[in-house]
1. Looking only at the range 7-29, decide whether some residue is over 23 Å from S125 (Cβ atoms), in contact with a helix residue (DSSP H, G or I) (Cβ under 7 Å, 6 or more places away or on another chain) and either part of a loop (DSSP other than H, G, I, E, B) or modelled with pLDDT of 95 or more (or both).
2. Can you give me the number of residues within the range 352-390 that are farther than 26 Å from T438 by Cα and surrounded by 22 or more Cβ atoms within 10 Å (Cβ to Cβ)?
3. Name every residue in the range 60-74 that is within 16 Å of the ligand (Cβ to nearest atom) and either of a type in the set (A, V, I, L, M, F, W, C) or part of a loop (DSSP other than H, G, I, E, B) (or both), in order of residue number.
4. Would you check which residues across the range 295-330 are more than 16 Å from the ligand (Cβ to nearest atom), touching a residue at least 12 places away in the same chain (Cβ under 8 Å) and under 30 Å from A80 (Cβ atoms) and list them?
5. When the range 262-292 is examined, which residues are found to be surrounded by fewer than 21 Cβ atoms within 10 Å (Cβ to Cβ), touching a His at 6+ places or on another chain (Cβ under 7 Å) and not in a loop (DSSP other than H, G, I, E, B)?
6. Name the residues in the range 156-203 that are within 23 Å of C227 (Cβ to Cβ) and of a type in the set (V, I, T), would you?
7. Would you mind listing the helices (runs of 4 or more DSSP H) fully within the range 121-236 where at least 1 residues are away from the ligand (no atom under 16 Å from the Cβ) and either without any contact (Cβ under 8 Å) to a residue 60 or more places away in the chain or within 15 Å of the chain's Cα centre (by Cα) (or both)?
8. Based on this model, can you work out whether E13 counts as under 30 Å from G271 (Cα atoms) and surrounded by fewer than 13 Cβ atoms within 10 Å (Cβ to Cβ)?
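The values are calculated or read from the model by the stated rules, or taken from the named source; none is laboratory data. What you see is a predicted model; the values in this text were computed from it and never measured. In this analysis, Cβ positions are derived from the backbone assuming ideal geometry, glycine residues included, and neighbour counts consider all displayed protein chains.
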Amino acid sequence: MLHQAGNRFNAQELWQQDHDHVLHPYQHFDSFKKEGSLVIVEGDGCYVTDAQGRRYLDGIGGMWCVNAGYGRKEIAETMAEQALQLCYSNFFVDVTNAPAARLAAKLAELAPGDLNHVVYATSGSCAVDTAIRLAHFYQSRRGQGSRRYVISRKNSYHGSTYLGMTVGLRDGDQSQHFKYIPDLVHHLSAPYPYRRPEGMTPEAFSDFLVNEFEDRIAELGAENIACFIAEPAQASGGVTLPPPNYLPRMRELCTKHGILFIADEIVTAFGRLGHFFASKDVFGIEPDMILTAKGLTSGYIPLSAVIYSDKVHEVISAPDPDVWFTHGYTYAGHPVACAVALKNIEIIEREDLCGNAARVGDYLEKRLGELRDLEIVGDVRGRRLMMCVEYVRDKKTRERLPDSCNISKRISNACEAEGLLVRPIGHLDVLSPPLTITREQVDFVVDTLKRAIVKAVAELK
Ligand code: PLP
C-alpha cells in the first residue's frame, strides 16, 4: 500500500529538478543520467517514504547517522525553541552560548579517560581537518614542530575535503583526477582480516600490522610524525573489525613515540556498537582525540566535535601572549545544533538505545550469519548495528566477482524493490539501521536481503 506522504509531492517534477540541477556526493554520471535519484520525502522511526508514497525500512540509517530514528517530535521542538531563543551566536575567541557549553561538559562526561575538551565543527570532514591541525599545533607548542607526518591506513575514509581525502585512501577514489596534498600522509596496510595474506592467522596478521607501523616509524623518524588516525572499525572501507589486540598495540607504539592517536569515531560513536564510544568500551583504548559527528545529532542537523585530552590541552593552552589557535568555523558551536545534540543524547540515555543496539545488534549479527551459506557470500562481518556482507566469485580463493556484475548494486536494487534500503559499496552491501530497530524489523532486513542475494545468484547463472 502506498503511503499518503506521496500524495503531497509531485514525484516526477522533483526527480527532474534533481536530475537537471544537482551534483550529488559520489555521483556516478552514467547511471545517474539513466536512473536519477530516489526522492525521499518523509521519515518516521526506522522508515522513510519516497515521493511516490513507497515506504522503505532504512537499513542504512540515512548515512550511518539517524541513530535515534526519524520523526522525533521533541528534537524538532528543541530545534524550534532554540532557533527562537537564539538562532546563532558568534563563537570566536571568547563568546559562547548555553547549549554549546552544556554539550561540551556532557561530551567530557561521556568520553573515556581524560578527554575533557571539545572543538566544534560542522561535519565529519571538518572534524578530521580540525584534529590534524590540532595535532600539528600541539606538537609545535611542545617544541616538536618537525612532527608533520600523518600516519593513516589504506581502505580508510576520513572525509571529502582535500585533507580528508588525502588522509583516507580507498580503492576507486578517482585520484587520477584530483591533486591530493603531497608529502603529508603515509598509509599503512588496511586492518582487513578477511583479506589478510594467505595462510596467516589473525594473531600473526596483527603482528604484521604492528611491525609495519614500527618499521614505518623507524623509517620516517618519530621526530617527524605528528599523529596516527584510525577508524576503530573501518566503516566505508568495508566494515572491518581490527585483528586481536591490534588497536591497543598501535596505541602503545603511539605513546612510546610521542605520536598522537586520533580515533575517528564518526560512525562508531553514539551507540552503533552498543556504547557511546567504541574506543574504550569495545576496543580497550584511550585515544588522545576522538572525532564524532553523525550520531551526535542523529543527523537532524549538521554538527561534529573533536574531543581531546587534558594532556593535549595543558600543552596548547600554556600561557604565552603571542599564541593563538587560529582555527575555527562560523558555525562552530552553533546553538541550535548543540541543543539538538543534547536532546539526542538525552533520548539515547532515556531509551537506553545503546542497550537496544547491543541486544538487537547481537541478534542482527546472528541472523546475518545465516547468509554465509549462500553461494556468493564470502564474508559477513561487523559488530551489532554496523554490519556488511561481502560478495565473491570463489569462496575458497576469495576472488571477487567481475566489476561488470555490479553485484552490490544489483542486490541493493532488489532490496529496494521489496522496501529495504541497504548501501552498496564496491563488492559489499552495508547495514547500519537506526538504533531503535526491533527484532521483527531485523527479520525483515535479513529475509529480504537473503531473497535479493538468491535472486542475484540465479540471474548470474
Ligand atoms: N570519517 C568517517 C569514518 C566517515 O565515515 C565519514 C563519513 O562517512 C567522515 C569521516 C566524513 O564525514 P562527513 O561526511 O560528515 O564530512
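1. No, the conditions are met nowhere in the range 7-29.
2. Kept after step one, since they are farther than 26 Å from T438 by Cα, are these residues of the range 352-390: 375-376, 378.
Checking the rest, the ones that are also surrounded by 22 or more Cβ atoms within 10 Å (Cβ to Cβ) come to 376, 378.
Selection size over the range 352-390: 2.
3. Within the range 60-74, I60, M63, W64, C65, V66, N67 meet the criteria.
4. G328
5. D281
6. T161, T166, V167, I181, V185
7. Ranges flagged: 124-141, 202-220.
8. no
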